[in-house]
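Step one of this worksheet: look at the structure below.
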Amino acid sequence: MEDIKAYIESGILELYVLGDVTPDEKARVEEMAAKHPAIKAELDEIERSMEAYARENAVAPADDLRERILNSLVTNYGDDSTFDKEMQETGAKVVPMVQPKTYNFYKYAFAACLVLLLASVAALISTYNKLQDSNVQIASLQSSNSKFAKIVNLKLGELQVYQDASFKFLKLQGTAKSPQSQMTVAWSPARKKVWIDLHTLDVPANDNAHQYQLWALVGNKPVSLGVFDKTAADTSDMKEMQSTASADAFAVTLEPNGGSKSPTMDQMVVIGKF
């Protein structure tokens, strides 16, 4: 049964109806149609469809066509009579011309196939456009999910800071450069984690050419723990900085964008010691 279905779907029956098969293929189709009623029924259905399409798309002849054909026949008859007499007088041998058959059916069938091809191309283009739209939507959803996952991880980290008893909270006070400034640092020596509270951060806003840099003083030596900004987009929650296992104090200086290898002491805005 699968072989018969595959044979029907191969397109050979349509080619047979269009006359576009070799003598061997034609004989094979007729043999298969005689053996299998399903193939014979499909062949009949294709022929009916082609004939129906030809009838629906047939062009009606012009009203004066009959008169023009009759006049042409009369003229041609007169010419033929004269031609016959001349040929008889000269004794020339007349070889009759075999008129080729016109297959209007095949012309209409070809037109039907062309219409089906154009419709298929249009359907493929429409499907491709829908697929592209779906890919854009999927990419947007993936981006949203990634952002959501980052937010969830950040909130879980903040919650851990408040629930983990190993975290120590140190409030850094303003220096002579910025007496009103203050900032809170959460540090867990056991976990080697450092967080800063951006929500309560109170330091002057930095420009695009500078960033604040957090330092841990370890044995009177400054160790950089990363940079941050005092901007509306970066002051809503807590921010995790680089880790450190030991610290005697924490301080913040204003440095060129990206941070410095060593702190600029006259740009220190807050400091706090345990």
Measure off 7 Å from each Cα along the Cα-to-Cβ vector at Asp248 and His36, then give the distance between these two points in nanometres to one decimal.
9.3 nm
Provide the per residue accessible area, probe 1.4 Å, for segment 2-56, rounded to a whole number of square angstrom.
65 Å²
Each label sits 7 Å from Cα toward the beta-carbon; between Lys221 and Lys177 the label points are separated, in nm, by 2.3 nm
Just how large is the dipole of segment 168-273 about the Cα centre, in debye to the nearest 20, putting +1 at every Lys and Arg Cβ and -1 at every Asp and Glu Cβ?
480 debye
Between Ala209 and Phe110, with labels modelled 7 Å along Cα→Cβ, what's the label distance in nm to one decimal, could you check?
7.7 nm
Calculated FRET efficiency for the pair Arg55/Lys26, C-beta based, R₀ 22 Å, to 0.05:
0.30
Take the Cα atoms of segment 168-273, build their convex hull, and give its volume per residue in Å³.
89 Å³
Beyond 19 Å (Cα-Cα) in this structure, taken from Lys171/Lys239; Lys193/Lys261; Lys230/Lys273; Lys230/Lys261; Lys171/Lys273; Lys239/Lys261, we find Lys193/Lys261; Lys230/Lys273; Lys230/Lys261; Lys239/Lys261
Want the number for Ala165 to Ala139: 0.36 nm per residue separation, take away the alpha-carbon distance, what's left?
5.3 nm
Surface accessible to a 1.4 Å probe, per residue, for the residues of segment 168-273, Å²
51 Å²
Run the numbers for Ala123 and Ala190: contour at 0.36 nm per residue of separation, minus the present Cα-Cα distance, in nm.
17.7 nm
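The values are calculated or read from the model by the stated rules, or taken from the named source; none is laboratory data. All values reported here derive from a predicted model rather than from experimental measurement. Cβ coordinates were reconstructed from backbone atoms using ideal geometry, including for glycine residues, and neighbour counts include every protein chain displayed. Protein only, heavy atoms only, side chains kept; ligands, DNA and RNA dropped before computing areas. Shrake-Rupley method; radii C 1.70, N 1.55, O 1.52, S 1.80 Å.
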